[in-house]
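Colleague: Below is one structure. I have some questions about it.
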Amino acid sequence: MDNAELQPQLSSDLITIMEKRQPEALLVEYSRANKELRNLKGSMDLIKELRTKQKDIEGLKALMTECPEDKEMLNMATEELSQAVEEERRLQNQLLQSLLPKDDADERGCILEVRAVTVSFIFLNCVPGTGGEEASLFAMDIFKMYERYSLKTGWKFDVVEITESDLKGYKRNPSDHISLLLQVDVQLRHEDLRIDTYRSGGSGGQHVNTTNSAVRITHIPSGITVSIQDERSQHMNKAKALKVLCARLYEIERSRIHTSRSKLRSEQIGSGDRSERIRTYNFPQGRVTDHRVGITHHSINDVMQGENLDIFIDALLLQQEMDAVASFNSEQ
């Protein structure tokens with residue numbers, strides 16, 4: 001689909017959206033139509049800007065053809081042409097991104113879950129996985145890595161729950177699994193929940209250990225259980241547990257609906273088998289390899305300090321965009 005075909009299609013979409021914005025439309029339809037209208041208007045503005053830039057490029061090429069002996073003019077035109085071509089490429093990428101289907105998850109916060117054996121974190125969250133104690137030890141390193149990256153990126157970082165172990169250091173070949181859970185606002189039926197309270201363990205003082213401040217919530221239909229005990233207040237622990245439970249239930253449903261397109265849950269969590277590799281941290285050789293995009297970075301210390309993770313993230317985003325383009329073209 002070239003630029004000439006895009007604007008009529010976008011105009012047709014705008015007409016449909018404007019019809020949805022009639023007074024008799026439902027409030028939710030009106031709100032959704034306004035959002036779609038803003039997105040499509042942005043795409044049409046990009047098309048106009050791209051066409052203007054392409055006309056500039058044609059004019060510069062014509063000028064270079066007409067004045068081949070004027071060296072000064074030729075040099076200026078060549079430099080401007082190079083800049084214009086780069087700007088054209090940028091606009092094309094922006095236009096392509098604006099036309100790809102939007103995922104509501106992009107605008108939500110998330111809970112990053114790291115799965116290991118004997119320690120637990122939620123945002124970050126480490127829960128049982130494969131590999132024994134060494135995976136639990138390595139999970140703390142992964143936790144710290146993402147914490148540093150989040151802070152350097154300027155994101156708000158809250159620890160929902162940590163259960164510490166007595167282990168120190170790490171052994172070879174740990175196996176951890178990482179997934180993203182979206183923060184969502186959903187209503188859970190009270191009859192579907194079993195809420196238990198108990199005395200929290202670990203450090204925290206006499207008050208923490210002698211009151212039933214810890215909370216365990218079980219979603220009866222799915223069997224999913226979330227336990228939180230790091231706050232002194234039972235109310236605060238319950239609120240955190242509900243937040244994590246909602247995120248897990250939403251992700252399961254979202255994965256079920258979109259399995260054929262994204263396979264999100266299976267790609268992020270995997271089967272728990274060591275042979276299913278997503279990213280390898282090779283400390284003896286000082287390198288980190290992301291097997292999804294085939295990129296290796298040869299400074300593992302920088303990566304563990306939260307540096308240079310964008311090398312992998314940018315490549316994954318590019319791959320995601322390419323997959324979305326392929327899916328978009330196949331549906332045309």
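Colleague: Of all the residues that make up the stretch 55-72, how many are in a helix (DSSP H, G or I), in contact with a helix residue (DSSP H, G or I) (Cβ under 7 Å, 6 or more places away or on another chain) and at pLDDT below 90?
Modeller: 2
Colleague: Filtering the stretch 274-315 down to residues that are among the small types (Gly, Ala, Ser), out of contact with any Gly (no Cβ under 8 Å at 6 or more places or on another chain) and loosely packed, with under 15 Cβ neighbours inside 10 Å, which residue is nearest to LYS144 (Cα to Cα)? Steps first, answer last, please.
Modeller: From the stretch 274-315, those among the small types (Gly, Ala, Ser) are 275, 286, 294, 299, 306, 315; that's our starting set.
This time we only want the ones that are out of contact with any Gly (no Cβ under 8 Å at 6 or more places or on another chain), so: 275, 286, 294, 306, 315.
Now drop any that are not loosely packed, with under 15 Cβ neighbours inside 10 Å, which leaves 275, 286, 294.
Values: SER275: 25, GLY286: 18, GLY294: 24 Å.
It comes out as GLY286.
Colleague: For the stretch 220-241, state whether one or more residues are farther than 19 Å from LEU112 by Cα and part of a strand (DSSP E or B).
Modeller: no
Colleague: Taking ILE220, is it under 28 Å from ASP192 (Cβ atoms), touching a helix residue (DSSP H, G or I) at 6+ places or on another chain (Cβ under 6 Å), modelled with pLDDT of 90 or more and surrounded by fewer than 17 Cβ atoms within 10 Å (Cβ to Cβ)?
Modeller: On the way: under 28 Å from ASP192 (Cβ atoms): yes; touching a helix residue (DSSP H, G or I) at 6+ places or on another chain (Cβ under 6 Å): yes; modelled with pLDDT of 90 or more: yes; surrounded by fewer than 17 Cβ atoms within 10 Å (Cβ to Cβ): yes.
So ILE220 fits the description; yes.
The values are calculated or read from the model by the stated rules, or taken from the named source; none is laboratory data. Bear in mind that the values here come from a model prediction, so they are computed numbers and not experimental data. We place every Cβ from the backbone using ideal geometry, glycine too, and count neighbours over all the protein chains shown.
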